[in-house]
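Below is one structure; the comments refer to it alone.
The values are calculated or read from the model by the stated rules, or taken from the named source; none is laboratory data. No experiment lies behind these values; they were computed from the predicted model shown. Neighbour counts run over all protein chains shown; Cβ positions are idealised from the backbone, glycine included. Keep in mind that these areas ignore ligands, DNA and RNA; they rest on the heavy atoms of the full protein, side chains included. Shrake-Rupley method; radii C 1.70, N 1.55, O 1.52, S 1.80 Å.
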Amino acid sequence: MRIAFFVMLLAGGIFYSYIAFVDLDFMTRTGRLGPGFFPRLIGATAIVMTLWALVDELRARNATDGALRQWADVAVLVALSLGYAVLLRLFGGFAATIVFLAVTLSVLNRGQYLKNGLIAVLVPVLLYLLLDRLLNANMPPALITLPL
Amino acid sequence: MDIFSDLVMGLTVAVSPINIVYLLIGAMVGMIVGVIPGFGPSAGLAILLPVTFGMDPIGAIMMLAAIYYGAMYGGTITSILLNTPGESATVASTFDGFPLAKNGRAGPALVMQAAASFVGGTVGVILITVLAPLFAQVSRSFGPPEYFLLALMGMLTLIVMIGAHWKLGVISALIGFALGTVGVDLETGQGRYTFGSAELIGGIYFIPIAIGLFGLGELFYAFYSGLHRTGTGTIVQYDKEERFWPTAQDWISTRMTMVRGSILGFVVGVIPGAGATIASLMAYSTERSLSKNRDNFGKGEMAGLVAPETANNAASSGAMIPLLTLGIPGSASTAVLLAAFLLWGLRPGPLFMEQNPELAWGLIASMYLGNMALLAISIFAIPLFVQIIKVPYRVLGPCIVVICALGTFSVHASFVETYLMFAAGIVGFFMRLYGFSPAALVLALVLGPLAEEALRQTLTISRGSFMIFVERTPSLWIIGITIALLLLLPMLGRVGNTSAGVAEKAGS
């Protein structure tokens, strides 16, 4: 995973630099520094530094990734969070939050049905009151209306 | 006399009922943020920044600043009662704070840390009051070359402080700079990395990235570390009545420690990149070397708790100086504060105090009041914070995800920014896991556009010659100070690490 992350950063650096060198001008027509000056500097340095760090990583090879259980816990939370991002678009801020909290707490905080249920309802209500009513801020609108 | 009248004017602004309410909410929230292990002021500020949008700018900035310095107070409660620092700046407070609690002196330790934090914070604000106008005066002679060098100094000092993983710090900063180049180039009107998206024309917005990196990224990392499984651990019980208050000996023996810690902390706080963590470790180390009871350090010496506490609070005040007078944040937390100023259409810098006296002096005056409020809260609301510590991470985690998502959306009603926040959260987790620096990324994202604009203006003025940086006296001064800091800071970092090691050995 560690090496893969470095390789991904390197790929990003190369892509960034490619655009900087191909699409963005180094100088303007009036002879001033153009929009490509800073990106080229950043991109080239990023490639050199990432390669250097990657070589160090390949040489060391002693850093181990965590246990499967650690990864499983994070993966569950990340997956549920991404699911929440999708739900927000579909069902809006209020309904999506109730569903997300109910599902996530039932996975992470097993057996505490009453407490989980209360949190799943009270947190969205409080946030709705704070953001929508008190602060007049935006809550994500729903594409599909749920009967809530 | 001018300073005094400005301060009185600031007090009249700060002491409106609604601003006092915002200040108290900020102080309370800051303490809660500090109490939650794994969440520092950067995360608290980033997550709660959107909540302030419906407020009046002065009240909002006062509240955010209170969250920032309030976190320093809260972080120590867990250091003393749990041996778990609420955030990195309170690591040094565990060295003697927890042994004091184990020795049955948790009550006096909690009161003394509150008093030390108050002294450090208040001395810091007094020094801001006196020095901020002077700094603003000096920085009026600065032009684009100096602003570029200051931005560079902020980044370099932060990277140097990262230590062994400096290469990863540089890469983190470069990612931040790269993100900062997205959007329309203001000088030529040419789009950069927008890929035809209307959402990207204005650039990548700072808030979703900061909330993702510090909020979700830290949360995912806490789950990876197993914080949701281990629970809070055993909280040391404290005597709420008879032996709660410190003895006269505690006050007398630490009075000079408070003075030294405050001054040292403030000076370190002013240096970009150094911050409250280094300040607290340095203060601990200094106090240990000066003390007659140095063998007691790490075993429950009151001065060993008071020194880092005064220093980290004074440092958080010190960090406000470059932010207010130069517009250059020295840390991730002050970068988020800068973003808050910019959101309100305010541009901190040399003319900030002159052009916005009510806001600048209102903020400074509010810091005096905030420290007083925090002193009271941190002594009398300890039972409440103990209850908060007991809330398990597995319950807190999903609520934090919700606050991050709804908070991000509330800023611009943008789903793209909300998705960007989730993406930044995942990237932030891997960065944290593999030793990268989310703080360097955020700082570079804020400083990048400023640095690019300043560099291009500089080279336009000099017709492409880099010699301009050594031809101007202010530039030469900044280069000199940067070189001195680059040489000095690694030594300070080693002093901090050594003192941490010594205390751990003594404690074990």
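Points to keep in mind about this one:
- For the stretch B:411-483, applying the loop criterion from DSSP together with a ceiling of 15 other beta carbons within 10 Å to the GluC sites (Glu not before Pro) yields no site.
- Of A:F26, A:G12, A:A44, farthest towards positive along the dipole that unit charges on Lys, Arg, Asp, Glu beta carbons give the stretch A:2-60: A:F26
- Per residue, the accessible area of chain B comes to 35 Å², computed with a 1.4 Å probe over protein heavy atoms only.
- Kirkwood hydrodynamic radius of the stretch B:292-412, from inverse mean 1/r over distinct Cα pairs, in Å: 18.0 Å
- Across q = 0.13, 0.14, 0.20, 0.28 Å⁻¹, the stretch A:36-97 modelled as identical point scatterers on its alpha-carbon atoms has Debye log10 I(q)/I(0) values of -0.74, -0.78, -0.79, -1.05, in the order of the q list.
- Helix-only arithmetic for the protein assembly as shown: the sum of -39500 (n - 2.57) across DSSP H runs with n ≥ 4, divided by the residue total, places the mean residue ellipticity at 222 nm at -24000 deg cm²/dmol.
- q = 0.05, 0.08, 0.11 Å⁻¹: log10 I(q)/I(0) that the Debye formula gives for the protein assembly as shown, counting C-alpha atoms only: -0.22, -0.58, -1.15
- Exposed loop sites here mean trypsin sites (Lys or Arg not before Pro) with a DSSP loop assignment and at most 16 other beta-carbon atoms within 10 Å; chain B contains its longest site-free run at B:1-139.
- If you take all other residues with their beta carbon under 13 Å from the beta carbon of B:T90, and give Lys and Arg +1 and Asp and Glu -1, the sum is -3.
- Using C-alpha pairs below 8 Å separated by at least 6 residues, the relative contact order for chain B is 29 percent.
- Over chain A: Rg over Rh, Cα atoms, Kirkwood Rh: 1.18
- Accessible surface buried upon B-A contact (total; probe 1.4 Å; Å², nearest 100): 5500 Å²
- With all projection directions averaged, the alpha carbon convex hull of the stretch B:1-116 covers 8.3 nm².
- Rounded to the nearest 20, the size of the Cβ-charge dipole of the protein assembly as shown about its Cα centre is 1160 debye, with Lys and Arg at +1 and Asp and Glu at -1.
- Shape box of the stretch B:102-163 [Cα atoms, principal axes, largest first, Å]: 57, 33, 7
- Between helix B:255-270 and chain B: long-axis angle, C-alpha atoms, 0 to 90°, nearest 10: 20 degrees
- Restricting attention to chain B, lysine pairs at least eight places apart or on different chains and with alpha-carbon atoms under 28 angstrom apart total 10.
- Calculated over chain B: convex hull of Cα atoms, volume per residue (Å³): 142 Å³
- Enclosed volume per residue, in Å³, of the convex hull spanned by Cα atoms of the stretch A:2-60: 53 Å³
- Within the accessible surface of the protein assembly as shown, defined with a 1.4 Å probe on protein heavy atoms only, the carbon and sulfur portion equals 67 percent.
- 0 to 90° range, to nearest 10: angle between helix B:302-318 axis and chain B longest Cα axis: 20 degrees
- Only Lys, Arg, Asp and Glu carry charge here, each on its Cβ (+1 for the first two, -1 for the last two); on that basis chain B has a dipole of about 1080 debye about its Cα centre.
- Distance between the stretch A:93-148 and the stretch A:1-78 - C-alpha centres, whole angstrom: 37 Å
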